[in-house]
1. Out of all the residues in the stretch 50-95, which are more than 26 Å from residue 187 (Cα to Cα), of a type in the set (Gly, Ala, Ser) and loosely packed, with under 15 Cβ neighbours inside 10 Å?
2. Tally the residues that are touching a residue at least 24 places away in the same chain (Cβ under 8 Å) and among the aliphatic types (A, V, I, L, M), restricting the search to the stretch 1-40.
3. Taking residue 205 as meeting all but one of (1) closer than 30 Å to residue 90 by Cβ; (2) assigned to a helix (DSSP H, G or I); (3) open to solvent by 20 Å² or more (accessible area, probe 1.4 Å), write down the number of the exception.
4. State whether one or more residues within the stretch 150-169 are open to solvent by 30 Å² or more (accessible area, probe 1.4 Å), of a type in the set (A, V, I, L, M, F, W, C), in contact with an Asp or Glu (Cβ under 7 Å, 6 or more places away or on another chain) and over 26 Å from residue 37 (Cβ atoms).
5. Do the conditions hold for residue 121, that is, is it free of Cβ contacts under 8 Å to residues at least 60 places away in the same chain, surrounded by 14 or more Cβ atoms within 10 Å (Cβ to Cβ) and either of a type in the set (A, V, I, L, M) or closer than 27 Å to residue 32 by Cα (or both)?
6. Could you list all residues from the stretch 197-212 that are out of contact with any helix residue (DSSP H, G or I) (no Cβ under 9 Å at 6 or more places or on another chain) and at pLDDT 95 or above?
7. How many of the residues in the stretch 94-107 are out of contact with any Gly (no Cβ under 7 Å at 6 or more places or on another chain) and closer than 20 Å to residue 118 by Cα?
Amino acid sequence: MSSVPNIGEVASLIGEPSRVAMLLSLLGGKSLPASELARAARITPQTASSHLAKLVEGGLLVNESYGRHRYYRLANAEVAHALEALLAIATPRPIRSLRESDQVRAMRFARTCYDHLAGEVGVALTDQLLSLQMIEEADQEFVLTETGRQKLQSLGVDVEFSPKSRRRFARPCLDWSERRHHLAGVLGASLTNRLFDLGWIERLPEGRAVRLTPAGIAGLYEQFGVDISQGKESVH
């Protein structure tokens with residue numbers, strides 16, 4: 001018989017400020033070297049190595065070696081989901097510079113949450129998928145309808161799901177900036193990957209914010225009725 005999961009141990013790992021900074025740097029789904037994570041946390045490489053070892057041992061991160069460099073990433077989607085949920089209930093920090101203000105604005109507009117689209121754009125697209133009955137809510141999950149399957153397949157989105165997958169197919173993920181749900185799971189990741197392939201969204205040089213391209217603005221409106229204009233969205 002298994003015991004109750006040790007929440008205190010995980011909370012202790014996440015609660016240290018330097019480790020939080022490194023975990024959030026990885027929330028966009030990228031693998032990053034220890035040196036970059038040390039800069040993000042504003043600590044020495046030696047201190048970062050100690051923190052990263054604890055996060056790996058605690059099951060929150062995994063690492064891979066490429067030559068002389070070691071890269072780290074979140075262990076799985078569940079870690080990302082937990083971090084996003086904590087962001088949704090955490091007290092916002094004060095913004096101390098114009099650069100930080102611009103970064104927060106970009107993140108709120110569109111970003112990757114692990115491997116799926118979040119922010120104003122992600123929530124607006126999810127809302128419209130629901131409105132068009134391409135997905136439906138059922139038992140705290142999203143269900144892909146036949147209408148949605150046909151539409152997404154026509155855009156080149158992979159909508160197949162392996163029963164052997166340990167990951168949920170389509171689920172709501174609470175968006176920390178919008179306080180509403182965006183589409184996560186295997187389907188959310190597949191849709192986001194296709195938006196990148198189509199050139200509708202592009203990664204910004206730093207962080208996990210993404211840019212909606214002119215092709216993306218047109219495509220989201222033509223295919224889903226999502227109208228994005230000057231950072232504000234509406235649906236038709």
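The values are calculated or read from the model by the stated rules, or taken from the named source; none is laboratory data. Remember, it's a predicted structure, so these values are computed and weren't measured experimentally. Please note: Cβ atoms are built from the backbone with ideal geometry, for glycine as well, and neighbour counts cover all protein chains shown. The protein model used for the area step is the full one, side chains on, heavy atoms only, and it has no ligands, DNA or RNA in it. Shrake-Rupley method; radii C 1.70, N 1.55, O 1.52, S 1.80 Å.
1. Of all residues in the stretch 50-95, those more than 26 Å from residue 187 (Cα to Cα) come to 50-58, 64-71, 90-95.
Going one step further and asking which of them are of a type in the set (Gly, Ala, Ser), we end up with 50, 53, 58, 65, 67, 90.
Of everything in the stretch 50-95, those that are more than 26 Å from residue 187 (Cα to Cα), of a type in the set (Gly, Ala, Ser) and loosely packed, with under 15 Cβ neighbours inside 10 Å turn out to be 50, 53, 65, 67, 90.
2. Residues flagged as touching a residue at least 24 places away in the same chain (Cβ under 8 Å) and among the aliphatic types (A, V, I, L, M) within the stretch 1-40 amount to 11.
3. Unmet condition: (2).
4. Checking the stretch 150-169: not a single residue is open to solvent by 30 Å² or more (accessible area, probe 1.4 Å), of a type in the set (A, V, I, L, M, F, W, C), in contact with an Asp or Glu (Cβ under 7 Å, 6 or more places away or on another chain) and over 26 Å from residue 37 (Cβ atoms).
5. On the way: free of Cβ contacts under 8 Å to residues at least 60 places away in the same chain: no; surrounded by 14 or more Cβ atoms within 10 Å (Cβ to Cβ): yes; either of a type in the set (A, V, I, L, M) or closer than 27 Å to residue 32 by Cα (or both): yes.
For residue 121, the condition - free of Cβ contacts under 8 Å to residues at least 60 places away in the same chain, surrounded by 14 or more Cβ atoms within 10 Å (Cβ to Cβ) and either of a type in the set (A, V, I, L, M) or closer than 27 Å to residue 32 by Cα (or both) - is not met.
6. Taking the stretch 197-212 and keeping what is out of contact with any helix residue (DSSP H, G or I) (no Cβ under 9 Å at 6 or more places or on another chain), we get 197, 205.
Listed by number, the list holds a single entry, 197.
7. The total comes to 6.
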